[in-house]
Each structure stands twice: as structure tokens, then as C-alpha cells.
1. Tell me which residues, restricted to the stretch 39-50, are open to solvent by 50 Å² or more (accessible area, probe 1.4 Å) and either within 17 Å of the chain's Cα centre (by Cα) or among the acidic types (D, E) (or both).
2. Give me the pairs: first residue in the stretch 34-51 and farther than 16 Å from R65 by Cβ, second residue surrounded by 11 or more Cβ atoms within 10 Å (Cβ to Cβ), beta-carbon distance under 8 Å, and six or more apart or on different chains, which are they?
3. In the stretch 21-58, how many residues are at pLDDT 95 or above and either touching a Cys at 6+ places or on another chain (Cβ under 9 Å) or among the β-branched types (V, I, T) (or both)?
4. Kindly provide the set of residues from the stretch 18-38 that are open to solvent by less than 60 Å² (accessible area, probe 1.4 Å) and assigned to a loop (DSSP other than H, G, I, E, B), ordered by number.
5. Hey, can you tell me all the residues within the stretch 51-67 that are open to solvent by 70 Å² or more (accessible area, probe 1.4 Å) and not in a helix (DSSP H, G or I)?
Amino acid sequence: HSLPAGEPRARPAGPSSGREGGRRKRTTFSKAQLELLVRAFEKEPYPGIALREQLSGLTDIPESRIQ
């Protein structure tokens with residue numbers, strides 16, 4: 001468990017390497033996107049994949065960010 005001085009622990013490279021390297025950039029929504037998402041989530045608080053994909057197509061927001 002001894003590391004040479006000045007050498008940081010190895011971290012996986014690239015943005016898709018999980019949470020360890022930092023946080024993903026915050027998603028910002030336009031007013032129209034926000035209104036559509038709020039209405040959708042009021043009707044269905046836990047949308048399934050089909051609804052998330054539909055919202056993704058309507059808002060141009062990646063499906064992975066609609067949760």
C-alpha cells in the first residue's frame with residue numbers, strides 16, 4: 001500500500017469510466033423542454049423506457065438523462 005511520492009493513484013481514463021473521475025456536466029433545459037418534462041412527470045412519476053425514449057425524441061435530451 002506504499003505509493004512512490006508524487007505519483008497519484010491510477011484512475012480509469014475517459015468520461016464513461018463511472019463516477020470516480022468526477023461528475024458529469026449538469027444538464028440544462030430550455031423553458032419548453034422543462035414544461036414538457038414537468039407535465040410528463042406529473043402524469044407518470046416513474047416513466048418506463050418507452051416513455052423516456054419518446055420524451056428524448058421530443059426534447060433532444062439523451063434518454064439516459066431523463067430519469
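The values are calculated or read from the model by the stated rules, or taken from the named source; none is laboratory data. Here the structure is a predicted model, which means the values were calculated and not measured. Neighbour counts run over all protein chains shown; Cβ positions are idealised from the backbone, glycine included. For accessibility, only protein heavy atoms count, side chains too; no ligands or nucleic acids. Shrake-Rupley method; radii C 1.70, N 1.55, O 1.52, S 1.80 Å.
1. F41, E42, E44, Y46, I49 - these are the residues of the stretch 39-50 that are open to solvent by 50 Å² or more (accessible area, probe 1.4 Å) and either within 17 Å of the chain's Cα centre (by Cα) or among the acidic types (D, E) (or both).
2. Close Cβ pairs (under 8 Å, with a partner that is surrounded by 11 or more Cβ atoms within 10 Å (Cβ to Cβ)) amount to E44/L51.
3. Number of matching residues: 2.
4. Correct list: G18, G22, T27, S30.
5. Correct list: D60, P62, Q67.
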